[in-house]
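The values are calculated or read from the model by the stated rules, or taken from the named source; none is laboratory data. Everything numeric in this text was worked out from a predicted model, so none of it was measured. Positions of Cβ are backbone-derived with ideal geometry, glycine not excepted, and every protein chain shown enters the neighbour counts. With ligands, DNA and RNA removed, areas are computed over all heavy atoms of the protein, side chains included. Shrake-Rupley method; radii C 1.70, N 1.55, O 1.52, S 1.80 Å.
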Amino acid sequence: MNSPAAPKTFHVKSFGCQMNVYDGARMSELLEAEGLSAADSADADLVVLNTCHIREKAAEKVYSDIGRLIKREDGSKPIIAVAGCVAQAEGAEIARRAPSVGVVVGPQAYHRLPELVAKAAGGATAVDTDMPAEPKFKALPGRRRQGPTAFLTVQEGCDKFCTYCVVPYTRGAEVSRPWSQVMDEARALIDMGAKEITLLGQNVNAWEDDGRGLHDLIAAMDKLPGLERIRYTTSHPNDMAEGLIRAHGEVEKLMPFLHLPVQSGSDRILKAMNRSHTTESYLRVIERVRAARPDIALSGDFIVGFPGETDEDFEATLRIVEATRYAQAYSFKYSPRPGTPAATMDDQVPAEVADERLQRLQALINAQQLAFNQATVGRRTNVLLERRGKHPGQLIGKSPWLQSIHLETEAAIGDLVEVDILSAGPNSLGGAEAVKQAA
Ligand code: SAM
Ligand code: SF4
């Protein structure tokens, strides 16, 4: 078999969570630092599929993508690298199932991507799913290009072991990046134009360094000149420390938005999920956060059809949604993941029952989202402009509550503008730049 030549161009395609988007950006920077240039997936010499293993459908996408890549119209054959959580979970099995894959690299080993690609270019299949003690972040080059919004991973892995979830197995144990490393990266991102930084972690509110918690980090970032907005995601209800809740009322740059997954409204199911919180403790956290920041927009994650979920359990989930009044939320049908305790539990819920519950839950969440958006009509707020819209002169940005707002404006991407919210749909708002009153 002919060995592929050393690649000159690359394409990184990220699936799944924001941490994967961040990892994808870091892989792109690493490959650029090695002299490769970015290209479309249709003609890049190296294609990195940065995969997600959280649900079965997400994991299967990688194989359909590989199928497309090996049937390019021009007959060219890229080096295919599978990165991310599917790579970690399936390892060398991927290359057995899809022999055209040259590199398999896990989320803790992608700083070694250039050596692995070199091996693949030499005709070998290179697999690295180590979780090395030496932190990958030190081995990565500095941050490069940036837009007005940036992700910054501060914490990785998870020790919570919810019974349905693969993350503790694919991302490893909970590790916080050191304070100075995070602050240096934040400054670099701001120097390159970031106005908003979202701090990321599977359990971001469990971040700690030498007795300092996430709220200390947020307070320090609040003082960085040039940074206008701070966000963080995803949080666990048990790690919502008092200091972090207070920060929502005290830190001006911390946006009024909190993504706090609860998963189910039934304490029996929460126990089976090993969530280690109850519906009551969750609602108490929500109450305290609302007391600190009354206009906060709340978001959550839900799983329906977890093994043993009865109609009553599901009704309890609808009730916690009604009680919380979300601005938006994600809901998923339970997907058994190999190797997790829930996958072998009795009483798996039939697919049609789970489908029907998902539809009912989503209808309720959508109605709440529309109501939240409609309640902001008439408000004047700031909007960070992020990208161009479909129409000439139209830009799209985000409100402090993470709503997408479309407006016609002469301002530029990256500007923070005052906007009057004029209309609301379920997924976006219409606005107009506020006319400044003469003094
Ligand atoms: N660490 C976060 C947490 O605890 O909420 C997020 C983890 S996960 C990347 C994002 C969401 O995927 C979870 O909150 C959960 O709702 C969903 N999820 C995880 N495993 C799942 C599974 N096996 N089936 C369906 N949804 C799942
Ligand atoms: Fe998965 Fe639970 Fe950890 Fe979230 S807290 S990453 S759902 S194990």
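In whole angstrom, how far apart do the alpha carbon centroids of segment 116-150 and segment 94-112 sit? Result: 12 Å between the Cα centres.
Taken as Cα centroids, segment 246-273 and segment 363-439 sit 25 Å apart, rounded to the nearest whole angstrom. For the pair segment 171-200 and segment 325-362, the centres of their Cα atoms are 33 angstrom apart. Based on the Cβ-Cβ distance from GLN362 to ARG68, what FRET efficiency comes out when R0 is 25 Å, to the nearest 0.05? After rounding, the FRET efficiency stands at 0.25.
Computed from the Cβ-Cβ distance with R0 of 56 Å, the FRET efficiency linking MET131 to ALA412 stands at 0.85.
The trypsin sites (Lys or Arg not before Pro) found in segment 23-96 that occupy coil by DSSP, while having at most 10 further C-beta atoms within 10 Å, are LYS71. Tell me, what is the percent relative contact order of segment 236-319, built from C-alpha pairs under 8 Å that lie six or more residues apart? Relative CO of segment 236-319 lands at 42 percent.
For the chain, a/c is not less than 1.5, where a ≥ b ≥ c are the root eigenvalues of the C-alpha gyration tensor, and a/b does not top b/c. That puts it in the oblate class. Label positions at SER180 and GLU322, each projected 7 Å from the Cα along the C-beta direction, are separated by 5.5 nm. Shape analysis of segment 72-187 places it in the oblate category; the axes a ≥ b ≥ c from the Cα gyration tensor give an a/c of at least 1.5, with a/b not above b/c. Extending 7 Å from Cα along the Cβ direction at ARG388 and again at PHE161 yields two label points whose distance is 5.2 nm.
Long hydrophobic helices in the chain: the complete DSSP H runs spanning 27 Å or more by Cα along their own axis with mean Kyte-Doolittle hydropathy of at least -1.0 are 351-375. Per-residue SASA remark: THR129, around 40 Å² accessible (1.4 Å probe; ligands, DNA and RNA not included). Under a 10 Å cutoff between Cα atoms, tell me which one of GLU386, GLU32, GLU410 has the largest fluctuation in the Gaussian network model of the chain. Of the options given, GLU410 has the highest mean-square fluctuation. Length available on full extension from ASP347 to ARG97: 0.36 nm per residue minus the Cα-Cα distance, which gives 86.9 nm. Relative contact order for segment 266-385: 28 percent, from Cα pairs under 8 Å spaced at least 6 residues apart, divided by residue count.
Summarising the strand pairing of the chain, around 35 percent of its internal DSSP beta bridges are antiparallel. Heavy atoms of the protein chains alone define the surface here; on that basis the chain has 44 Å² accessible area per residue at 1.4 Å probe size.
No disulfide-compatible partner, judged by a Cβ distance under 4.7 Å, exists for the following cysteines of the chain: CYS17, CYS52, CYS85, CYS158. Full extension of the chain segment joining ALA434 with THR310 gains 39.6 nm, where the gain is 0.36 nm per residue of separation less the Cα-Cα distance.
Counted by Cβ distance under 9 Å from ARG112, the other residues give a net charge of -2, where Lys and Arg count +1 and Asp and Glu count -1.
Once C-alpha pairs closer than 8 Å and six or more residues apart are averaged by separation and normalised to the residue number of the chain, the relative contact order reads 10 percent. Where the accessible area of the chain is counted over protein heavy atoms with a 1.4 Å probe, how much of it, in %, is carbon and sulfur? Carbon and sulfur: 50 percent of the exposed surface of the chain. Based on the alpha-carbon gyration tensor of segment 13-102 and its eigenvalue square roots a ≥ b ≥ c, which shape applies: rounded if a/c is under 1.5, prolate if not and a/b is larger than b/c, or oblate? Verdict is oblate for segment 13-102.
Based on the Kirkwood approach, the hydrodynamic radius assigned to segment 63-115 is 11.6 Å, with every pair of different Cα atoms included. Mean projected area of the Cα convex hull of segment 312-391, taken over all directions, amounts to 9.2 nm². Using the Cβ-Cβ distance between ALA5 and ASP301 with R0 set to 30 Å, the FRET efficiency from 1/(1 + (r/R0)^6) comes to roughly 0.10. For segment 127-280, a Kirkwood hydrodynamic radius built from all Cα pairs, placed in the Stokes-Einstein relation at 37 °C and 0.692 mPa s, yields a translational diffusion coefficient of 197 µm²/s.
Between VAL21, VAL104, VAL167, the Gaussian network model of the chain with springs among Cα atoms under 10 angstrom shows the greatest mean-square fluctuation at VAL21.
The residue among ILE190, ALA272, VAL204 whose Cα reaches farthest toward the positive pole of the charge dipole of segment 161-299, with charges on the beta-carbon of Lys, Arg, Asp and Glu, is ALA272. Subtracting the Cα-Cα distance of SER37 and GLU115 from 0.36 nm times their residue separation leaves 26.4 nm of extension gain.
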